[in-house]
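Notes for the one structure printed next.
The values are calculated or read from the model by the stated rules, or taken from the named source; none is laboratory data. Computed from a predicted model, the values in this text were never measured in an experiment. No Cβ is skipped: glycine too gets one built from the backbone with ideal geometry, and neighbour counts run over all protein chains shown.
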Amino acid sequence: MDNNQPIGVFDSGIGGTSIWREIHNLLPNEKTIYLADSKNAPYGEKSKEEIIRLSMKNTDLLLDMNCKLIVVACNTATTNAIRELRDKYDVPFIGIEPAIKPAAINSKTQIIGILATKGTLNSELFHKTTEMFQHIKIIEQIGYRLVELIENGQIESAEMTQLLHSYLKPMIEANIDFLVLGCSHYPYLIPQIRKIIPDHIQIIDSGLAVARQTQNLLKEIGFNNDNNSKPIFYTNTNPKVLQTILGNNCVVQEKDF
Ligand code: DGL
């Protein structure tokens, strides 16, 4: 089945490009439009109502651009707003949630760690997921300031290293064997995190799972059949950090939204 409309992807900022990359690698023929709502980052410290309002604003814009499906490439927006989005719009949505399930199922120590935003860890959806794994000890840590530092291009800063040490040390001491990255910004921190945690601790995020889910949904609503599928990226702040993270092959445009 053919469907040459683009796939819309949004996040509170540049983090969702970690999800976009997985989608693009798996489905290179698909046309994608990415919205980085960096002006409003971080979503993780906002109220549920505000996260819903921003998610709808991003969805409206992607629908104006004729998207055939929307990927909410943000754990905070998914866990706080996906139900409201699905209630309001007819277009299919794919959300991203912390990969608690594979970590819990595969953990040998039965102790796992999760690093995510306050908005995600406090959400009803997240609590429902953790309730399914009551035999597993889940060490939750809010990643205060991490998104701001990533948005400012300070991934390798001394402050980042110090924060990561303080967030991860209690998890290492508790003997976790899986670390779940529950925010789409955090995969960009993997090189820093790897320097801190022992080799036997596996890091997991949800990027590939979301790409596979997107592929499955396209079997129903149609794949793109033309080869002219250059991705488009819009940001509502200075494009410099987004451009750096994507590399020069991708065109980033500034837009007021
Ligand atoms: N990248 C987002 C997430 O996956 C949101 C981070 C934020 O804006 O606080 O949760």
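Brief remarks on what is shown
Quick grid of which residues meet (1) more than 11 Å from the ligand (Cβ to nearest atom); (2) in a helix (DSSP H, G or I); (3) more than 22 Å from the chain's Cα centre (by Cα):
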residue	(1), (2), (3)
LYS108	yes, no, yes
GLU156	yes, no, no
PRO170	yes, yes, yes
ASN175	yes, no, yes
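- Entirely in region 186-255, the strands (runs of 3 or more DSSP E) that have 3 or more residues that are farther than 30 Å from PRO170 by Cα: 232-235, 252-254
- Pairs are defined by a Cβ separation below 6 Å, a sequence spacing of at least 6 or placement on different chains, a first member in region 126-149 that is over 14 Å from ALA41 (Cα atoms), and a second member that is at pLDDT 95 or above and in a loop (DSSP other than H, G, I, E, B); the pairs so defined are ILE136/GLN110; ILE139/ALA174.
- Here region 32-51 is the region considered, the condition is being within 14 Å of the ligand (Cβ to nearest atom) and over 16 Å from the mean Cα position of the chain (by Cα), and the residue that is surrounded by the most Cβ atoms within 10 Å (Cβ to Cβ) is LYS46.
- Subset of region 45-56 (residues that are at pLDDT 95 or above and out of contact with any Phe, Trp or Tyr (no Cβ under 7 Å at 6 or more places or on another chain)): LYS46, SER47, LYS48, GLU49, GLU50, ILE52, ARG53, SER55, MET56
Residues checked against (1) assigned to a loop (DSSP other than H, G, I, E, B); (2) surrounded by 17 or more Cβ atoms within 10 Å (Cβ to Cβ); (3) modelled with pLDDT under 95:
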site: ARG86; (1), (2), (3): no, no, no
site: ASP90; (1), (2), (3): yes, no, no
site: ALA104; (1), (2), (3): no, yes, no
site: THR120; (1), (2), (3): no, yes, no
site: HIS127; (1), (2), (3): no, no, no
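- For region 201-257, filtering for residues that are surrounded by fewer than 19 Cβ atoms within 10 Å (Cβ to Cβ), within 20 Å of PRO6 (Cβ to Cβ) and of a type in the set (Val, Ile, Thr) leaves 3.
- The residues of region 197-210 that are out of contact with any Phe, Trp or Tyr (no Cβ under 9 Å at 6 or more places or on another chain) and more than 15 Å from the ligand (Cβ to nearest atom), listed by number, are ILE197, PRO198, ASP199, HIS200, LEU208.
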